[in-house]
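Accompanying notes for the structure given below.
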Amino acid sequence: MKKITVAKGDGIGPEIMDAVLSILEQAGAKLDIEEVEIGEKMYMAGHSSGISPEAWKSIRSSKVFLKAPITTPQGGGYKSLNVTLRKTLGLFANIRPCKSYFPYVDTKHRKMDVVIVRENEEDLYAGIEHQQTDEVVQCLKLISRPGCEKIIRYAFEYARHYNRKKVSCFVKDNIMKQTDGLFHEVFKEVAAEYPDIETDSWIIDIAAARLADTPEMFDVIVTSNLYGDVISDIAAQISGSVGLAGSSNIGQECAMFEAIHGSAPPIAGKDIANPTGLLKAAVMMLNHIGQSKVAEKIVNAWSCTIEEGIHTADIFKEGISKVNVGTSAFADAIIKRLGQTPQELEKAVFDKKGQIILPDYKRRSAKEKVLKGVDVFVDWPGKNPEQLADSLKKLNNGIELTMITNRGVKVWPNGFEETFCTDHWRCRYEDKKGNTVPQEAIPAIFKKAISEKIDIIKSENLYEFDGIRGYSMGQGQ
Ligand code: NAD
């Protein structure tokens, strides 16, 4: 028996969870289920994140959470429960398989079978945002080497575990050479450890277009948080129905499994919702806890049901479907077919046991870090960069003003009049001969700025690591 925590959630949650639990039980899953309350009732009871202390206790003890969708109340100070769970439990990987079931479920993509492995904790979703001037706000895109290594290694281990042939990396490192550059660099390093798996790398824009157009080109895709968020919804949608996809959120300790759709309040309580998304999530859970034979049995019975045209309303199509069933009748049809294997749809084979275990992250020996200058960001409502440069040169103190950019575009020296400027200026100070800069030179700039009434809003030190520049050049520099 494996203890798991189950939450029936809101809207269609209870009915699809009941359907899924009955299938799990009849298929022979060995589960000791502890039910907890999350969602609307908890929000209303004053738990602003939608979860009670008892539910936390259960999840932290069972380490496996099967979660039905919840309704997030609109307005008010409610926090997204998913984000809270993901961040608090360190669920670094979001896995979303998107498969088409042609000809039984209507889709333009007959051969689609893609798994998106999305980094779940960092990138722009670290949520570090600031308003810095009247006109400019900023969101920090944080990418870490351990974050990249964990998610990329997970993608390769996933590929091995589930007999997948290829892992594709989606980045935008032609523009973001540091952040996406690191993700791509780590991808190449990790890929070298998996010679049995084919790899390729794509720039995210064309990759997303190809994914929407010819998804059969892709197998496992690994990408950072924001890109993964966008492309996983595209992939689920084009596979035929968002209602068919499940997902897992995996951490070093805990894991959470859920459908990708929401609580669908308009159809709640009508026994018409499709339980497939949650069932697919439960199958991922069974694989995670080492009950793969039960997982295989359920997938095969589901495929038989779909092949026989027994469909819920959301995927029912005249000419393809034969019987329009509700939630509980669909579950009964699956239970009746437990032990059967599909004729046309692929037979499920989960031949590896248990969860994917990653080795501990090993920190590499640190590179030699050398201070080369500082970018000082200034709030200045003027328009002429020459004028700003004249006052900023007064801050030279051994290191000198070498460049001013506005929204990343070089405007001084030799800027173009045509460049539109906001009130947010990046002003770079460096040793003109490229020598190492003494640490004291930086606070000295700040001190002088106060007396010169220059409004510095933040600064970023400029470092080289083992002689390699660790900061971007100005556009046009
Ligand atoms: P939704 O996914 O609930 O519904 C979108 C559409 O898909 C609706 O037409 C709905 O009827 C249909 N649909 C969804 N699941 C279905 C199923 N299993 N079978 C048949 N049809 C199905 O998205 P929404 O309407 O934007 O959100 C409703 C609520 O769900 C909101 O409160 C939202 O915050 C919440 N939500 C929760 C989660 C989660 O708990 N993980 C995820 C997304 C949205």
**First in region 29-48 and outside the structural domain of Glu296 (by TED's automatic domain parsing), second anywhere and buried (at least 16 other Cβ atoms within 10 Å of the Cβ) and of a type outside the set (Asp, Glu), Cβ under 8 Å, 6 or more apart** = none
**Prompt:** Within the group Asn435, Asn396, Asn406, which residue is surrounded by 14 or more Cβ atoms within 10 Å (Cβ to Cβ), touching a strand residue (DSSP E or B) at 6+ places or on another chain (Cβ under 9 Å) and over 19 Å from Gln475 (Cβ atoms)?
**Reply:** Asn396
**Message:** Checking Val299 against (1) in a helix (DSSP H, G or I); (2) within 16 Å of the ligand (Cβ to nearest atom): exactly one of these is not met. Which one?
**Reply:** (2)
**Request:** Keeping to region 159-184, report how many residues are open to solvent by 20 Å² or more (accessible area, probe 1.4 Å), within 16 Å of Lys141 (Cβ to Cβ) and out of contact with any His (no Cβ under 6 Å at 6 or more places or on another chain).
**Result:** 9
**Item:** Pairs, first assigned to a loop (DSSP other than H, G, I, E, B) in region 1-23, second away from the ligand (no atom under 15 Å from the Cβ) and of a type in the set (Lys, Arg), C-beta under 8 Å, six or more apart
**Value:** Met1/Lys30
**Message:** Take the conditions assigned to a helix (DSSP H, G or I), within 16 Å of the ligand (Cβ to nearest atom), at pLDDT 95 or above and surrounded by 23 or more Cβ atoms within 10 Å (Cβ to Cβ) and apply them to Leu286. Does it pass?
**Reply:** no
**Request:** Being within 17 Å of the chain's Cα centre (by Cα), within 16 Å of the ligand (Cβ to nearest atom) and β-branched (Val, Ile, Thr) is the filter; apply it to region 205-241 and report the residue that is farthest from Val299 (Cα to Cα).
**Result:** Val230
**Complete:** Over region 421-438, the set of residues within 16 Å of Gly467 (Cβ to Cβ) and in contact (Cβ under 8 Å) with a residue 24 or more places away in the chain is Glu430, Asp431, Gly434, Thr436, Val437
**Prompt:** So Thr107 fits all but one of (1) within 30 Å of Lys165 (Cβ to Cβ); (2) under 22 Å from the mean Cα position of the chain (by Cα); (3) open to solvent by less than 30 Å² (accessible area, probe 1.4 Å); what number is the exception?
**Reply:** (2)
**Asked** So, in region 60-78, of the ones that are open to solvent by 10 Å² or more (accessible area, probe 1.4 Å) and more than 8 Å from the ligand (Cβ to nearest atom), which residue ends up nearest to His47 (Cα to Cα)?
**Response** Tyr78
**Item:** Enumeration of residues in region 242-258 that are among the small types (Gly, Ala, Ser), part of a strand (DSSP E or B) and near the ligand (Cβ under 10 Å from one of its atoms)
**Value:** Ser247
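For every residue, the table says whether it meets (1) open to solvent by 10 Å² or more (accessible area, probe 1.4 Å); (2) within 14 Å of the ligand (Cβ to nearest atom).
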| position | (1), (2) |
| --- | --- |
| Ile260 | yes, yes |
| Gly277 | no, yes |
| Gln291 | yes, no |
| Glu308 | yes, no |
| Asn324 | yes, yes |
| Ile357 | yes, no |
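The values are calculated or read from the model by the stated rules, or taken from the named source; none is laboratory data. Quantities reported herein were computed from a predicted structural model and do not represent experimental measurements. For neighbour counting, all protein chains shown are included, and Cβ atoms are generated from backbone atoms with ideal geometry for every residue, glycine included. Side chains included, ligands, DNA and RNA excluded: accessible areas come from the protein's heavy atoms. Shrake-Rupley method; radii C 1.70, N 1.55, O 1.52, S 1.80 Å.
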